[in-house]
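Scroll down for the structure; my scribbles are underneath it.
The values are calculated or read from the model by the stated rules, or taken from the named source; none is laboratory data. These figures come from a predicted structure and were not determined experimentally. Positions of Cβ are generated from backbone atoms using ideal geometry, with glycine treated the same way; all protein chains shown enter the neighbour counts.
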Amino acid sequence: MVDNNTIMKEGICIECGNRERDGLSCYEQFGFPLVWEHNDPKLYALHFWLVSCYMIQHPSNYTEEGYKLLVNLFIDAYDNDWDTPYILKKNREIIKSVTKITNPISSKERNRELKHWSMTIGDIYLGGEQNAIVNINKWKVQIRNELKV
Ligand SMILES: [Zn+2]
């Protein structure tokens with residue numbers, strides 16, 4: 001089982017600042033576009049971007065080294081406009097190159113630091129299935145700007 005639920009405190013994700021919506025935690029909201037993408041190949045084509053945007057805003061899922069690699073992959077893929085098969089190939093190479101990418105500490109005991117982002121998974125959830133493609137593309141641009149590397 002993947003242990004990567006989010007911690008909500010007073011209705012706010014303590015890591016990305018997203019709000020609880022319809023009683024759903026940040027992680028539960030992330031589950032929605034993951035279902036929608038199975039109905040739409042064009043949305044599914046953005047799978048890497050959806051997952052990496054979400055994960056970049058939840059660094060506690062990773063070791064420090066794993067997180068840096070994820071951010072670098074995101075930036076390289078974005079700046080060089082890599083296509084999906086190439087991104088996935090690079091991603092596999094990265095996974096092979098490091099021993100620990102995911103944080104071995106259980107979700108409840110992890111350190112989490114709040115960082116403010118102009119867009120979170122909450123915007124994807126609220127925008128709904130019809131706007132998911134537009135919103136994920138917007139999210140990816142915002143995150144790239146906010147990473148400022
Ligand atoms: Zn969150």
Among what's in region 79-110 and is among the basic types (Lys, Arg) and outside any loop (DSSP other than H, G, I, E, B), pick the residue that is nearest to the ligand (Cβ to nearest atom).
-> Lys108
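Conditions tested, residue by residue: (1) modelled with pLDDT of 95 or more; (2) out of contact with any Leu (no Cβ under 7 Å at 6 or more places or on another chain).
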| site | (1), (2) |
| --- | --- |
| Leu50 | yes, yes |
| Ile56 | yes, no |
| Asn61 | no, yes |
| Tyr67 | no, yes |
| Leu88 | no, yes |
| Ile94 | no, no |
| Pro104 | no, yes |
Enumerate the pairs (first residue in region 94-112 and closer than 12 Å to His58 by Cβ; second residue anywhere and of a type in the set (Phe, Trp, Tyr)) with beta-carbon separation below 6 Å, excluding pairs fewer than 6 apart on the same chain, so at least 6 apart or on different chains.
-> Asn103/Tyr62
Taking into account only those residues within region 1-34 that are of a type in the set (Gly, Ala, Ser) and within 11 Å of the ligand (Cβ to nearest atom), which is nearest to Ile75 (Cα to Cα)?
-> Gly17
In region 41-56, residue nearest to the ligand (Cβ to nearest atom) [restricted to those that are surrounded by 14 or more Cβ atoms within 10 Å (Cβ to Cβ) and touching a residue at least 60 places away in the same chain (Cβ under 8 Å)] = Tyr54
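With the structure loaded, tell me whether Glu37 is away from the ligand (no atom under 15 Å from the Cβ) and under 16 Å from Ile121 (Cα atoms) or whether it fails that test. I'd like the intermediate steps shown before the answer.
Numbers: away from the ligand (no atom under 15 Å from the Cβ): yes; under 16 Å from Ile121 (Cα atoms): yes.
Yes: the conditions hold for Glu37.
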Taking into account only those residues within region 57-78 that are surrounded by 20 or more Cβ atoms within 10 Å (Cβ to Cβ) and within 16 Å of the ligand (Cβ to nearest atom), which is farthest from Met119 (Cα to Cα)?
-> Tyr62
